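Undergrad: One structure is given below, represented as structure tokens, and several questions about it will come after.
Just so it is clear, none of the values below were taken in a lab; they were calculated from the coordinates. Small disclaimer: the values here were computed from a predicted structure and weren't measured. All Cβ positions, even for glycine, are placed from backbone atoms using ideal geometry, and neighbour counts span all protein chains on display.
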Amino acid sequence: MFVADDPTVAVSELAAAITGTPPTVLDVRWRLTGSPGRTDYVAGHLPGAVFVDLDTELCGPPGAGGRHPLPEPAELQSALRAAGVRTGHPVVVYDAGDGAAAARAWWTLRWAGHRPTWVLDGGYPAWLAAGLPVTAEVPTPPPGDITVRPGGLPVLDADAAGRLPTAGGLLIDVRAPERFRGEREPVDPVAGHIPGAVNLPTTQHLDGTGRLRDADTVRDRFAEVGLRPDDPVAAYCGSGVTAAHTVLALHRAGRTDAALYVGSWSEWITDPDRPVQR
């Protein structure tokens, strides 16, 4: 239906697809603070799209594992089946435009063993900008039959993330530079970063319209922070959401082996014995 080795799909491609045999479309709009994404969904969404809540359905409850830990497989399977996700049937996820929540949904589906899955490039704003129709009608999808099989994408725990920079790998902190440096921390109670990590904000992989930059440009950005073709590579952020967008960008750059440290900084700092660099 779409390009198999590209993690994103253009608005024009999705618009053409939903007039034929449509993919399953998931609305995962989400905010770190403020009103929940479901409010936006109820006001208007892509035709046929089903809302899935990032906090409560695609992630586990916050705690020692961070603010957005991995979900329990059985609970994730139930949520995805309720949204109509079927084994082997294409899924397209979209968010409010920056791609972070959609990337985490894409990553979670891929981790759960679902193929094929794409992110709508530019999200809901790109759909609106193209003058395409939206609706407030909430569909009732037929039940899906997906079986969640964890392990479809690589994951690092805290110990593995801490070892990576000293083991010849590249650990990328995708947060804003001032958070990486420990000068400002608006979310978590401790400022700083994991020792040995390099900083490459995931926003640098977006163009001015919220779309993912082309593969060569993305590849160049990773090379600038020291990524070599055979180096192990992983990404982390505050809670494993925006880092999933960097994993998406790494996939566009050809690094489908890129790992996500899901617990990220919000898990790292729960253990006072873990070192912090500023």
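Undergrad: Provide the packing ranking of 193-199, 226-232, i.e. peptides ordered by the mean count of other C-beta atoms within 10 Å per residue, highest first.
TA: Ranking the peptides 193-199, 226-232 by packing returns 193-199, 226-232.
Undergrad: Using 0.36 nm per residue of separation minus the Cα-Cα distance, give me the extension gain between residue 136 and residue 166 in nm, one decimal.
TA: Length gained, residue 136 through residue 166: 5.7 nm.
Undergrad: Still on this structure, I have one more. Report the Cα centroid-to-centroid distance between the range 29-106 and the range 219-265 in angstrom, as an integer.
TA: Computed from Cα coordinates, the inter-centre distance equals 21 Å.
Undergrad: Counting DSSP beta bridges in the range 155-268, what percent are antiparallel, to the nearest 5?
TA: 10
Undergrad: If amide hydrogens are placed 1.01 Å from N in the peptide plane, which non-local residues have theirs closer than 5 Å to the one on residue 51?
TA: HN-HN under 5 Å from residue 51: 27.
Undergrad: Now for a separate question. Between 17, 103, 112, where does the largest GNM mean-square fluctuation fall for the chain, given springs only between Cα atoms within less than 10 Å?
TA: Looking only at 17, 103, 112, the largest GNM fluctuation is found for 17.
Undergrad: Roughly what % of DSSP beta bridges within the chain run antiparallel, to the nearest 5?
TA: Expressed as a percentage, antiparallel bridges in the chain total about 15.
Undergrad: Mind ranking 250-262, 79-91, 157-169 by how tightly packed they are, going by the mean number of other C-beta atoms within 10 angstrom, highest first?
TA: Ranking the peptides 250-262, 79-91, 157-169 by packing returns 250-262, 79-91, 157-169.
Undergrad: Rounded to the nearest 500, what is the chain's calculated 222 nm mean residue ellipticity when only DSSP H runs of at least 4 contribute -39500 (n - 2.57) each, over all residues?
TA: About -7500 deg cm²/dmol.
Undergrad: Can you tell me which of 174, 187, 50 moves the most in a GNM of the chain? Springs connect C-alpha atoms under 10 Å apart.
TA: Looking only at 174, 187, 50, the largest GNM fluctuation is found for 187.
Undergrad: Can you give the % of DSSP beta bridges in the range 1-125 that are antiparallel, to the nearest 5?
TA: Here the share of antiparallel DSSP bridges comes out near 10 percent.
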